[in-house]
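Participant: Quick one: this structure, given as structure tokens, is what I'll be asking you about.
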Amino acid sequence: MKKTSLAALCALALTAATAQAQDYSAEEVASAILTGFVARDAAQIAAHTNETNAAYFAAILDGSENPEPFWADTRAEAAAGWDGMILPARYDGDDRAYVPFAIEGETSAASLTSGEAGRYMVIALTLDSAEDTSWGFEDINFFDLPRYEGLSAAR
């Protein structure tokens, strides 16, 4: 009976650890998404979307959705100008990650190294469920420095 209980406990612990494991870090996924923006490659971005955005990107890829409004958005333009630098991900609970890639400058997006004042532009990532092991692209958001610093540095 003890062996059965121990085996059940080990199986439960392994399942919990698997649900928390990530195939790729939030920073790796954000970099892949930003690389897709730089290349204007909707397929590359689509490969990293969350469940909410999957249908939208599928429609762009099959031609039933006009992609031009997506690419013309100021946030998408900022991502397309990404210079390769990101800051570490910060976490809002277990299912959201935010990765800064630019600063919202007065006239346009600026590099994180520019010294320009403004809010961070961040890639917002989510997990679709407790079993999901891959970060998915949700949106590009804006965070002021205190909000970013107030989030957890560890998941």
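The values are calculated or read from the model by the stated rules, or taken from the named source; none is laboratory data. No experiment lies behind these values; they were computed from the predicted model shown. Positions of Cβ are backbone-derived with ideal geometry, glycine not excepted, and every protein chain shown enters the neighbour counts. Only protein heavy atoms, including side chains, enter the accessible area calculation; ligands, DNA and RNA are left aside. Shrake-Rupley method; radii C 1.70, N 1.55, O 1.52, S 1.80 Å.
Participant: Top mean-square fluctuation among Ser25, Ser108, Ser64, Gaussian network model of the chain, C-alpha springs under 10 Å?
Facilitator: Highest fluctuation of the listed residues: Ser64.
Participant: Put a dot 7 Å past each Cα toward the Cβ at Glu106 and Thr35; how far apart are the dots in nm?
Facilitator: 3.6
Participant: Against the longest alpha carbon principal axis of the chain, how many degrees, from 0 to 90 and to the nearest 10, is the axis of helix 51-62 turned?
Facilitator: Approximately 50 degrees, to the nearest 10.
Participant: What is the mean projected area of the alpha carbon convex hull for the stretch 64-110, to one decimal in square nanometres?
Facilitator: 4.9
Participant: Let me ask something else about it. With springs connecting C-alpha atoms under 10 Å apart, model the chain as a Gaussian network and identify which of Ala109, Ala117, Ala30 has the largest mean-square fluctuation.
Facilitator: Ala117
Participant: Rounded to the nearest 20 Debye, what is the dipole magnitude of the chain about its Cα centre when Lys and Arg each give +1 and Asp and Glu each give -1 at the C-beta?
Facilitator: Here the size comes out at about 740 debye.
Participant: Roughly what angle does helix 26-38 make with the longest principal axis of the chain, taking Cα atoms, 0 to 90 degrees, to the nearest 10?
Facilitator: Here the helix axis deviates by roughly 30 degrees.
Participant: Solvent-accessible area per residue for the chain at a 1.4 Å probe radius, Å²?
Facilitator: Result: 56 Å² of accessible area for each residue.
Participant: Principal axis extents for the stretch 102-147, Cα atoms only, whole Å, descending order, please.
Facilitator: 40, 19, 15
Participant: Moving to a separate point now. Can you list the GluC sites (Glu not before Pro) in the stretch 60-104 that are in a DSSP coil and have 16 or fewer other beta carbons within 10 angstrom?
Facilitator: Within the stretch 60-104, the qualifying GluC sites (Glu not before Pro) (loop, at most 16 other Cβ atoms within 10 Å) are Glu65.
Participant: Moving on. What are the semi-axes of the equivalent ellipsoid of the chain, taken as the square roots of 5 times the eigenvalues of the Cα gyration tensor, listed largest first and rounded to whole Å? Can you show the working numbers first?
Facilitator: On the way: eigenvalues 223, 86, 23 Å².
Working through the eigenvalues yields semi-axes of 33, 21, 11 Å.
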